[in-house]
Amino acid sequence: SLLSANSQRFIDAVARYFPAGTRIARPAGGMVIWIELPANVDGAELFRTALASRIGIAPGVVFSAKADYRNYIRMSCGLPWSTTIEHAIEKLGRLVEAMARTAAA
């Protein structure tokens, strides 16, 4: 289906642009993907940084009553694929890479 193909493009872009140690999960039938970031990357910090660049993601911690999923984000795949979206995912990947390096230093 068109929605499934669109979601796959988001997944492929995350796999291409995010650093090693990133894992992607796509709940069955949903239009969102869950992205597990490297363990030392804070999803809430990424959310704030991404928002400053007008990129919308949800930090995983907001979906947990116990503040779990600190290094997770949730991303919608509902928008039609475009070069704008690809560039946003590429920028997110660079932000994650930089945060992972800084946290490891």
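Would you work out the charge dipole size for the chain about its Cα centre, treating the Cβ of every Lys and Arg as +1 and the Cβ of every Asp and Glu as -1, and quote it to the nearest 20 debye?
Details: 12 positive and 8 negative charges, 13 e Å.
For this selection, approximately 60 debye.
So what is the accessible area of the chain per residue, in Å², with the probe set to 1.4 Å?
Numbers: 6120 Å² over 105 residues.
Roughly 58 Å² per residue, with all protein chains present.
Compute the label zone of SER53 within segment 1-26: residues whose backbone N is under 14 Å from the point 7 Å along Cα-to-Cβ.
In segment 1-26, the label zone of SER53 (backbone N under 14 Å from the point 7 Å along Cα→Cβ) covers 14, 17-19.
Note down, for segment 56-98, the three equivalent ellipsoid semi-axes (square root of 5 times each alpha carbon gyration tensor eigenvalue), biggest first, whole angstrom.
Values: eigenvalues 108, 39, 5 Å².
That gives 23, 14, 5 Å for the three semi-axes.
When the convex hull of the C-alpha atoms of the chain is computed, what volume per residue in Å³ does it have?
Values: hull volume 9.6 nm³, N = 105.
That works out to 91 Å³ per residue.
The values are calculated or read from the model by the stated rules, or taken from the named source; none is laboratory data. Note that the structure is predicted; figures quoted are calculated from it, not measured. Please note: Cβ atoms are built from the backbone with ideal geometry, for glycine as well, and neighbour counts cover all protein chains shown. Each accessible area value is taken on the protein alone, full model and side chains, heavy atoms only, with ligands, DNA and RNA left out. Shrake-Rupley method; radii C 1.70, N 1.55, O 1.52, S 1.80 Å.
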